[in-house]
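One structure is given below, encoded as structure tokens.
The values are calculated or read from the model by the stated rules, or taken from the named source; none is laboratory data. Just so you know, these numbers come straight off a predicted model, no measurement behind them. Reconstructed Cβ throughout: ideal geometry from the backbone, glycine too, with neighbour counts over all protein chains shown. The accessibility values were calculated without ligands, DNA or RNA, using every heavy atom of the protein model including side chains. Shrake-Rupley method; radii C 1.70, N 1.55, O 1.52, S 1.80 Å.
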Amino acid sequence: MRGPRTPTLPPERLLTVYLAGLLISSCSSTPEFGAADGDVLGALVDARAASDAAPVTVPHRDGAVTDAGQDASEALADATVIDASIADGAIASQPQRLLYLADQNIDGVVELFVSSTDGATTASYQVNEPLAIGTDVLDFSTNGSGTMVLYAATTLEPAGATELFVANIGSVDTDGTPPGNPIRIHDDLPTQTGLASMGVIHAEWVPATDQIVFTAALQSAAQSELYLSTLGPTGWAAPLRLSGGLLQDLTVTDFAIAPDGASVLFRASQGAGTVHELYWIDLDSATPALAAKVSGPLANDNGDVAAREVGSAGYDWAADSSQFYYVADQNAVNTKELFVVRFSAGSPQEGIRVNGEVSWEGVDHVRWSPNSRWLAYVAREGLEFGTGLLLVDTLLPTLATGQLVGGSLYPEGSFMTNPPLWAPDSSGIAFHATQLETGGQTTELFHVGTSGLVPTAALRINGALSSGGRVPAGGSREQTMAWAPDSSYLVYLSEEAIANRLELFAGRSGSGGFEAPIRLSGPQSFAANQVTSNLTPISADASKVLFRSNKSIGVDELFVVEMSTSPPSPFAKVNAPLTLGGQVVFTAVEDRSFQWSPSGELVAYMADQEHASVVELFVVLVSNLQHSVLASAPLVSGGDILKFEWVR
């Protein structure tokens, strides 16, 4: 089968589970596993001890294999241990874990697995209980300490509905310690004649707690409500309905948990209505109180609070949880405007409109700065043509309307279609602007500094473009640029050298703006060669950048550039040699098909490296490039890796 696949389920059944990425205080240390009293996740799989299990025979890039010990089908319930046979014996300082989705056991049945690897040896276990044909694990998320994993799986009864499970993965290691049994955190889903059950729609870990907030149809098969599940001393408590007590037919569509975990916003409509309003509920109490509506009266009772979407969130919290914004056509129908809500004595106050007079459907692409000071948005505000970037300083005691900082970049006007991107230290914001001109469009990359009392003027980051060239902006749900974690440089895709040929550039930031950009991907060997993904992961210490290109032998491979030198060192190939017809995989919007490990010592990537049209998961040591170890267990015929994440 060619490339990663999405499980064959209707779109409304696909669950998106976001990684919270914050510590869970009561799980800050790795728990002891076993059937001892107090093990709230239950007895472990005592038959899965991997220390005595013989490794599975797996071919590797250099032709070396492990000793044959058992048939692959016999190892599915056990840890699959794989030896990379790396000549110089290089290994990571300590094993690091990955979770991945794959139809590893049965073609077409996607399940969840966890691996532990040091770059030379990998041990892999199945996390979920074995699934039947016609069901799948859809997505997963770990808690902040990496001790538990939350995952969603479909059921046969009710057909196609989604259920939510938690499993313990805290001590999975190459020593053969298996993961804990998964536990479903809610009761059986309701069934109603003539209605397809919705099941669980969306779920997230609450930061700094052993709690999960999720939307699900647990009372009625067709009505989604908001719930809170809590891990207590005797296990997971029955879910608490957070959206109850308001209106009996309130249907919740989406939600946003405050970064401090103390409260949650959610968007809901009455019954099957299309008018959505915004509600807030305090979680920081033994029994959460009734939710309060925080959006104002909507225009003609027919307005709407915008949805919380990946590309353009209709509402979101500031990073310090002190305030939030929402977008709604509250004053005029079909005109989305921006409102900021502050707190007084622990309660949200009336929203304050922070945009001026807007046209062309109102505001879009709203983004908080990481320091919670600035609120950026895109709108046609104060412009005769096009749209511009505006900033609101929320530190002011009295909120003022946004200041135009990215408009009139071209005499003919400019247009912005994708979200801006804040520097991690909030020192500035980068954005694309497209010139409005007869006969064509020219998109370029700009930066506005925000370290001072007022924003700076917008300055161009990219260099001179080739004739017909551009700096592609991507779509509303993807980025073609990335900041270094320390905000010292910005990498971006551009056609600065040759039109219609994407290459990777970096602009280093300084006190006086950006230095002249540097091409990281090097000269292209052939006319068709270019960078072939918008994904450019940067290591946590900002020293290295990954990118995918077909520059080497005309097939898509993975490369790394060392950024700690000036100028950056020439790129080097990361992946091991590919089989004929193989490639390093990239699966489009917001893809994470190649990633740095948390320590920065390892790179994991998806590729049909050893078998054509079979996508597997590989890990390579940065200190030993082009020598990879298979990080996933052998796949059944027709199987593929669909997704993976490092456990942080």
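Numbers below:
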| read-out | value |
| --- | --- |
| Accessible area per residue, Å², the stretch 320-415 with all protein chains present, probe 1.4 Å | 42 Å² |
| Approximate spin-label separation A572-Q349, in nm, with each point projected 7 Å along Cα-to-Cβ | 5.6 nm |
| Cβ-derived FRET efficiency at R0 25 Å, L453 paired with D425, nearest 0.05 | 0.90 |
| Principal semi-axes in Å for the stretch 336-487 [√(5λ), Cα gyration tensor, largest first] | 28, 18, 13 |
| Listed peptides 106-112, 596-602, 427-433, 442-448 by packing density, highest first (mean Cβ within 10 Å) | 427-433, 442-448, 106-112, 596-602 |
| Within the stretch 336-429, GluC sites (Glu not before Pro) in DSSP loop having at most 14 other beta-carbon neighbours inside 10 Å | E350, E357, E384, E412 |
| Table column - 3J(HN,Hα) (Hz), the stretch 381-390, Karplus curve with 6.51, -1.76, 1.60, x for Gly and Pro | 9, x, 10, 7, 10, x, 10, x, 9, 10 |
| Theoretical gain in end-to-end length, A159 to A332 [0.36 nm per residue, Cα-Cα removed] | 58.1 nm |
| Reachable lysines from K293, criterion Cα separation under 27 angstrom, eight or more residues apart if same chain | K336 |
| Interchain or long-range residues, amide H under 5 Å from R380's placed H | S359, G362, G388 |
| Sequence ranges 231-239, 512-520, 93-101, ranked by mean other-Cβ count within 10 angstrom, highest first | 93-101, 512-520, 231-239 |
| Estimated distance in nm for a label pair at S564 and D486, the labels positioned 7 Å out from Cα along Cα-to-Cβ | 1.0 nm |
